[in-house]
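Contents: one structure, followed by commentary.
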């Protein structure tokens, strides 16, 4: 491990392959910190919450349904890179694992020499996907704001008889006077209209 990179905090999950000792020894040799070893997916959420690992490694003959369900839950509540070492080369278990939020799925390839590379790939992929999710969330938020602003403009045009540009300027002034974002001012107008006309 390059000397300028901090050691990783790693949580190991023994999902039936019983090779975690080999993984733990190699991680320790590389200077990483194994914060815990669990032999049941039921403990995964609690351990991640309590131990705050940087990476989770699952060692499995084939990832069990319970393990995949708990990985999916973790991915929603405490997302972090997950590596699965599996002896199952079938396509479906791999797809299920990736859908559950697994960053790297390595088949029949538990080589201590490759462990560091696999971890770095998993972290890079996790960071890339997190960035994409953030960008998607921002785009969805902007679209939602635009719809709200258009709806508020429509209300001002109907209620006060303003033109579209005038309605937009009126909305801008409202937002500025209240120290609000444009979408927040738009929401006030929409809510006021809903209170006055609940059937809308």
Of every Cα-Cα pair in the range 9-110, the percent that sits beyond 16 Å
49
Largest first, please: the extent of the C-alpha atoms of the range 67-117 along each principal axis, to the nearest Å.
32, 24, 13
If eta is 0.890 mPa s and T is 25 °C, what Stokes-Einstein diffusion coefficient results for the range 1-62, Kirkwood Rh from Cα pairs, in µm²/s?
206
The range 140-195, Kirkwood Rh and Cα Rg, ratio Rg/Rh at 0.94
Acute angle (nearest 10 degrees) that the helix 182-196 long axis makes with the longest principal axis of the chain, alpha-carbon atoms:
60
Going fewest to most other Cβ atoms within 10 Å around each Cβ, 94, 157 line up as 157, 94
Residue-span extension gain [residue 172 to residue 9] - 0.36 nm each, minus C-alpha spacing:
53.8 nm
Calculated from DSSP H runs of 4 or more alone, at -39500 (n - 2.57) each and per residue, what is the 222 nm mean residue ellipticity of the chain, nearest 500?
-19500 deg cm²/dmol
Nearest-ten-degree value, helix 164-178 long axis tilted from longest Cα axis of the chain
70
What FRET efficiency, computed as 1/(1 + (r/R0)^6) with R0 = 30 Å and r the Cβ-Cβ distance, is obtained for residue 157 and residue 77, rounded to the nearest 0.05?
0.10
Counting residues in the range 53-141 as N, plug N into 2.2 N^0.38 Å and put the Cα Rg over that result.
1.10
Kindly rank 129-135, 187-193 from highest to lowest mean number of other beta carbons found within 10 Å of each residue.
187-193, 129-135
Potential extension, residue 45-residue 144 segment - 0.36 nm per residue separation minus Cα distance
32.4 nm
Relative to the longest principal Cα axis of the chain, at what angle does helix 20-29 sit, 0 to 90 degrees, rounded to 10?
80
Kirkwood-based Rg to Rh ratio, the chain, C-alpha trace
1.24
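Read the figures in this text as sums done on the coordinates, not as results from a lab. Remember, predicted model here, so these are calculated numbers, not experimental data. Reconstructed Cβ throughout: ideal geometry from the backbone, glycine too, with neighbour counts over all protein chains shown.
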